[in-house]
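The values are calculated or read from the model by the stated rules, or taken from the named source; none is laboratory data. For clarity, every value in this text was computed on a predicted model and none was experimentally measured. Here Cβ is always computed from backbone atoms with ideal geometry, including for glycine, and neighbour counts include all displayed protein chains.
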Amino acid sequence: MSSKPKKQNYQASEAEKTQASVAKAEKDYFDQTYAPLLREMRDTSMKEDLTGVSRGVASADTMQTLTGAGPTLSGSRSVDEAADLASAAGSQMIAANTVGLGAQRQEQVGVLGAARGQAGEAQSGLAAASRIQNTKDLQAAKAKQQIRMARANAIGQLGTTFALQGMKNKAGGGSFFKPGDIKEGQSRLDYGMGQMKDYFGIG
Amino acid sequence: MALQDYQNNMAQTRNYSVSSLPAVNDPEKVYADISRRDFESYLKDYRGFENQLIEARNDTSLVDRAPGEIAKQNEIAAGIQRRNLSRYGGAGLSIAQRQAQEANLQRQGQLGLAGGLNTARIAQRDLNKRTLTDLINIGQGVNRTANQGLATASQNSAQKAAAYKNAKAAHSSQMMGMGAQIGSLALMAFAI
C-alpha cells in the first residue's frame, strides 16, 4: 500500500516562491512609486484650470488676428467692425471653453482608466487645451477686415497715382488733367495707347 | 534630473540585490492580501473621483457660461470701438452713423448670444456623450475583469469540490475494500 500523502510535497516550490517574491517586490515598488503619481495626476486633473489656458490662447489669437495691425480709420468708421470682433471673440471663447473642458475630461478619464486597470490616455491635457481651431466667425471677421483694408489700400494707391500724375502733367507744361506732350486733336485713347507702346517697347 | 543625479541614482540601484526581495512562503495568501489592499486603495482613492466623473455626464457648465461670455466680449468690442473713435477724433462719423454702429453691435450681440448658446449646447452634448462613452468603455473593462475573476474563482471552487468528492468516493471504496478483506481473513481464520 502506498504511503500517506505528505503536506510538504504539496507546498509551493522554491521557484514558485521566488517568482511570487519578485512579483511582490514589483508590486510594492509600484505602490510606492507609481500609485502616488497616479493620485497626483488625479488631483491635478481636478484642480488644473485647462479652460483658462485655452481661453488665453483663443483670446490672443482673436485679438492678434483682428486688432494686431492696430486701429485704422476705415475700421473705426466701419459700421460692423466692432460687431464682427464681438461675434468672433464670443465664438472663440465658447470654442476655448469646449476645448479646455474636453481636455480636462480626457485627463480625468485617463486617470480613472489607469486606476481601474484599463488603458489610460497618455496625452497631456495641457497640449490638448492649447489646440483651438479658429471658429468660422473669426475667419469671417478676418476675411472681412482683409477686404476692408485692401479696399482702403487700393483707394490710397489710386489717389496717390492720381495726384502724382497731375503734378507730372503740370511740370511737363500741361494742366493738372492734361499732359504737356499730348498733340492737338489727339484723342486720350490714342495718347494712352502710344504711352503704353513706349512703356512696353512695342512698335 | 541632471545626468550626474541620474548616474548617482544608477550607482545606488546597482547596490540592490536579490536578497532584499520580500520572503513569500504562502503565495496564495500574499495574493489574497494584495487583492484586498488594492480594492481598499481604489475605494479610498478613486471611488469618489469616479462618482464625480460619472456625474459629469450631466454637466451644463459650457451652456451656463455662454451668455456671460458673449456679453463680456460685446463689452470688450464696444470699448475698443469707443477708444478707436476717440483716437481719430470721432472719425468724422455723424450721429446717425454712430447710432448705426451701436445698433449693429447690439444686434450682433443678440445674434451672438443665440448662436453661442446653440454652439455651447451642441458642444456640451458632444462632450458629455464622449465622457459617457469613455466611462462605459472603462466600465466594460472593469466588468470583463470582474467576470474573469469570478469565473476563475468559481472554476477553482468547482474543481476543488469535484476533487473532494472524488477523494471521498476513493476513500470510502478503499475502506470498503479493506473491510471486505478483513472480513474474508476473519472467515478464513475461523474456518467458517
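Between B:TYR88, B:TYR46, the distinction of being at the interface with chain A (Cβ under 9 Å from one of its Cβ atoms), surrounded by 13 or more Cβ atoms within 10 Å (Cβ to Cβ) and more than 46 Å from the chain's Cα centre (by Cα) belongs to B:TYR88 only. Comparison of B:GLN124, B:GLN108 shows that the only residue that is in contact with a helix residue (DSSP H, G or I) (Cβ under 6 Å, 6 or more places away or on another chain), at the interface with another protein chain (Cβ under 7 Å from one of its Cβ atoms) and either at pLDDT below 90 or surrounded by 13 or more Cβ atoms within 10 Å (Cβ to Cβ) (or both) is B:GLN108.
Filtered by the rule that a residue be among the small types (Gly, Ala, Ser), at the interface with chain A (Cβ under 8 Å from one of its Cβ atoms) and surrounded by fewer than 24 Cβ atoms within 10 Å (Cβ to Cβ), segment B:59-77 gives a lone residue, B:SER61. Quick one: would you say A:VAL99 is surrounded by 23 or more Cβ atoms within 10 Å (Cβ to Cβ), assigned to a helix (DSSP H, G or I), facing another protein chain (nearest Cβ under 7 Å) and modelled with pLDDT of 90 or more? Against the criterion (surrounded by 23 or more Cβ atoms within 10 Å (Cβ to Cβ), assigned to a helix (DSSP H, G or I), facing another protein chain (nearest Cβ under 7 Å) and modelled with pLDDT of 90 or more), A:VAL99 does not qualify. Quick one: would you say B:GLN108 is closer than 18 Å to A:ASP84 by Cα and part of a helix (DSSP H, G or I)? Here the answer is yes, as B:GLN108 does meet what is asked. Please verify whether B:ILE54 is facing another protein chain (nearest Cβ under 7 Å), surrounded by 12 or more Cβ atoms within 10 Å (Cβ to Cβ), at pLDDT 90 or above and more than 30 Å from A:GLU26 (Cβ to Cβ), treating the condition exactly as stated. When the stated conditions are applied, B:ILE54 does not pass them. For A:LEU73, indicate whether it is surrounded by fewer than 17 Cβ atoms within 10 Å (Cβ to Cβ) and either under 24 Å from the mean Cα position of the chain (by Cα) or at pLDDT below 90 (or both). Judged against the criteria, A:LEU73 is a match. Within segment A:68-82, one or more residues are at the interface with chain B (Cβ under 7 Å from one of its Cβ atoms), of a type in the set (A, V, I, L, M) and in a helix (DSSP H, G or I). Yes or no: A:SER87 surrounded by fewer than 21 Cβ atoms within 10 Å (Cβ to Cβ), part of a helix (DSSP H, G or I) and either of a type in the set (S, T, N, Q) or facing chain B (nearest Cβ under 9 Å) (or both)? Criteria not met by A:SER87. Pairs meeting the criteria (first residue in segment B:132-161 and in contact (Cβ under 8 Å) with a residue 24 or more places away in the chain, second residue in a helix (DSSP H, G or I), beta carbons under 6 Å, at least 6 apart or on different chains) are B:LEU132/B:ARG57. Across segment A:1-55, the qualifying residues are those that are surrounded by 10 or more Cβ atoms within 10 Å (Cβ to Cβ) and not in a helix (DSSP H, G or I), and the one among them that is modelled with the lowest pLDDT is A:GLN11.
Only one entry of B:ALA167, B:ALA151, B:ALA146, B:ALA100 meets the criterion of being more than 7 Å from every other protein chain (Cβ to nearest Cβ), more than 30 Å from A:VAL109 (Cβ to Cβ) and either aliphatic (A, V, I, L, M) or touching a helix residue (DSSP H, G or I) at 6+ places or on another chain (Cβ under 6 Å) (or both), and that entry is B:ALA167. If you check B:ASN128 against the conditions, is it within 30 Å of B:ALA56 (Cα to Cα), part of a helix (DSSP H, G or I) and touching a Lys or Arg at 6+ places or on another chain (Cβ under 6 Å)? Yes: the conditions hold for B:ASN128.
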